[in-house]
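This report concerns only the one structure given below.
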């Protein structure tokens, strides 16, 4: 255990004034690459035994963004409370109840991104919750550490202040109005000064037995088959939301409170049942204004088929608005209902149009709680529509299945995360295979997508791996339908999907949609097989350095539209294997069944040519063009059947091709 002794006050009035004046012109800081690397301090370290700190009985807050107040006192530095201050004169407050009056000498406070920006705050204390005493005013964090920092109350850590309640008044930070507190501890007076604990001892440890995955799809790290667990059957009560005041008739007032009350009553093994009707969701969780209804572990939410509709009133003005969300939940089934919204405006098909948007940001969010993933969650026979960003968002979780569901009509397709029907994601810039919050073994199967108003139907991003996308039917799409988003997603299996009439690629690996440090290559070893792809701009597209992809046994046909240009297009994608695919009957002018060409990259980043590419045993018949190699190094064309095309084979001078 390392503890910290304060050697300078964390802020001053003059420093705070300067920071407040600069807030309006600031920009959001980037996430640290690793929380562990950021839990450092610039103050002197002092070795000592574990410090006594007062227990915190409960935590409340004025508001939150879904990062709830209790996360600031859960002994987990990977969770946080966050809320946005619109003006430093109107602070967000976070209130700690110590259970009884205590003598408090000082606090230890840790902030999210505390090593990148200074958090601005005051502290008040009270013995009765009515009369408040300012105990630390005009304070600012050091901006150099994400560990606990001492905040002395009433100017002396050794004497103490009587308090049952401690209220943190957040006034934003040095670059924005966000308040984000990861942990608070209240310490008794200490004659040795303000010593605080080292939170790095609480960081999750990697599994020392973990090994990297080497095979694609639903397998273990050793390559053995893995069957994702699903929620167990209902063993308890069926709780009818009408018994809590919900009215299935439309426009009869808020029903969200009744659904929340039913969930609060439920115990593990129960289900909450919503009979046929329209449920108006006009209110949000009391401490989470971003969410209509929070899911609970072990409790299912079941409707009565398409006739059960959850109609959310959330709008883009509610940042990160969610109709249903589960953080760190286990053993949950959501089934037989429609998640929709009251939005009735226009729907855009322009991927550069960011003005057309409405409804909640997300339909269903299944995500981690700090280092704890959600697990064993099933979304079954659910329709999701009229959302802005993502219909279903799966984040830092595992064994989440979305099955037999329908997705349509995003309210925006204009970039910035808008218009994704289903998204599976991990952590940017970090492979977490050895940690509990690793994103893997999620399943998207047998779903239906009307892509007319979807930017992407299914998207994988941020180091997620060993997921399965299978048996989905996608008709239309503004951009790539199944998109491995160029952020290191690896060893995923994409099989037996039907994708047609997409304005971009049916299946794409690598993405040019961001800066050179964000989007580029998909990860290694993804397996794309047995898909049926018809009349898409490209059937399958590999770009920007995506390595070691296996593309096999896909059927690509019926390409006739003006937008259609290639069956399988390989640019800078080293180690690609293209084998046993059938590319037949694509008569679009300028179409090539298999096209290897140079990659211009993304604003100069990741440019290159196909290298170490095998094209073997493919059938390329009756297309406008067969196989074309514009550029390449160590390209092997072997045992392909290429006949009855307008032009069977074209190899550019200088391309390194053997057959």
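The values are calculated or read from the model by the stated rules, or taken from the named source; none is laboratory data. If you're wondering where the values come from, they're calculated on a predicted model, not measured in any experiment. When we count neighbours, we look across all protein chains shown, and the Cβ atoms used for this are built from the backbone with ideal geometry, even at glycine.
Some observations on this one:
- Considering residues of the range 328-337 that are buried (at least 22 other Cβ atoms within 10 Å of the Cβ) and without any contact (Cβ under 8 Å) to a residue 60 or more places away in the chain only, the residue nearest to the chain's Cα centre (by Cα): 329
- Matching residues, the range 130-176, being surrounded by fewer than 20 Cβ atoms within 10 Å (Cβ to Cβ) and touching a helix residue (DSSP H, G or I) at 6+ places or on another chain (Cβ under 9 Å): 137, 138, 175, 176
- Meets criteria (touching a residue at least 24 places away in the same chain (Cβ under 8 Å), surrounded by fewer than 17 Cβ atoms within 10 Å (Cβ to Cβ), over 30 Å from residue 54 (Cα atoms) and not assigned by TED's automatic domain parsing to the domain that holds residue 294) for residue 210: yes
- Test for residue 15: is it modelled with pLDDT under 50, under 27 Å from residue 189 (Cβ atoms) and surrounded by 15 or more Cβ atoms within 10 Å (Cβ to Cβ): yes
- Filter result for the condition that a residue is over 23 Å from residue 554 (Cα atoms) and either modelled with pLDDT under 95 or surrounded by 18 or more Cβ atoms within 10 Å (Cβ to Cβ) (or both), over 602, 624, 659: 602
- Of the residues making up the range 88-131, those that are assigned to a loop (DSSP other than H, G, I, E, B) and more than 32 Å from the chain's Cα centre (by Cα) number 7.
- The single residue among 170, 143 that is in the same structural domain as residue 66 (by TED's automatic domain parsing) and farther than 23 Å from residue 75 by Cβ turns out to be 143.
- Against the test of being at negative phi, buried (at least 22 other Cβ atoms within 10 Å of the Cβ) and not in a strand (DSSP E or B), the options 314, 324 yield a single qualifying residue, 314.
- Every residue from the range 176-204 that is under 24 Å from residue 64 (Cβ atoms) and assigned to a strand (DSSP E or B): 178, 179, 180, 181, 182, 183, 184, 185, 186
- All of 287, 299, 293, 241 fail the test of being touching a helix residue (DSSP H, G or I) at 6+ places or on another chain (Cβ under 7 Å) and at pLDDT below 95, apart from 287.
- Selected residue [in contact with a strand residue (DSSP E or B) (Cβ under 9 Å, 6 or more places away or on another chain) and surrounded by fewer than 13 Cβ atoms within 10 Å (Cβ to Cβ)] from 276, 186, 225: 225
- Within the range 132-168, tally of residues that are in a loop (DSSP other than H, G, I, E, B) and over 25 Å from residue 52 (Cβ atoms): 3
- Residue match in the range 389-409 (condition: touching a helix residue (DSSP H, G or I) at 6+ places or on another chain (Cβ under 8 Å) and either in a loop (DSSP other than H, G, I, E, B) or outside the structural domain of residue 460 (by TED's automatic domain parsing) (or both)): yes
- Residues of the range 399-412 classified as within 27 Å of residue 432 (Cβ to Cβ) and surrounded by fewer than 24 Cβ atoms within 10 Å (Cβ to Cβ), total: 3
- Note on the range 433-447: residues that are surrounded by fewer than 24 Cβ atoms within 10 Å (Cβ to Cβ), assigned to a loop (DSSP other than H, G, I, E, B) and more than 14 Å from the chain's Cα centre (by Cα) total 5.
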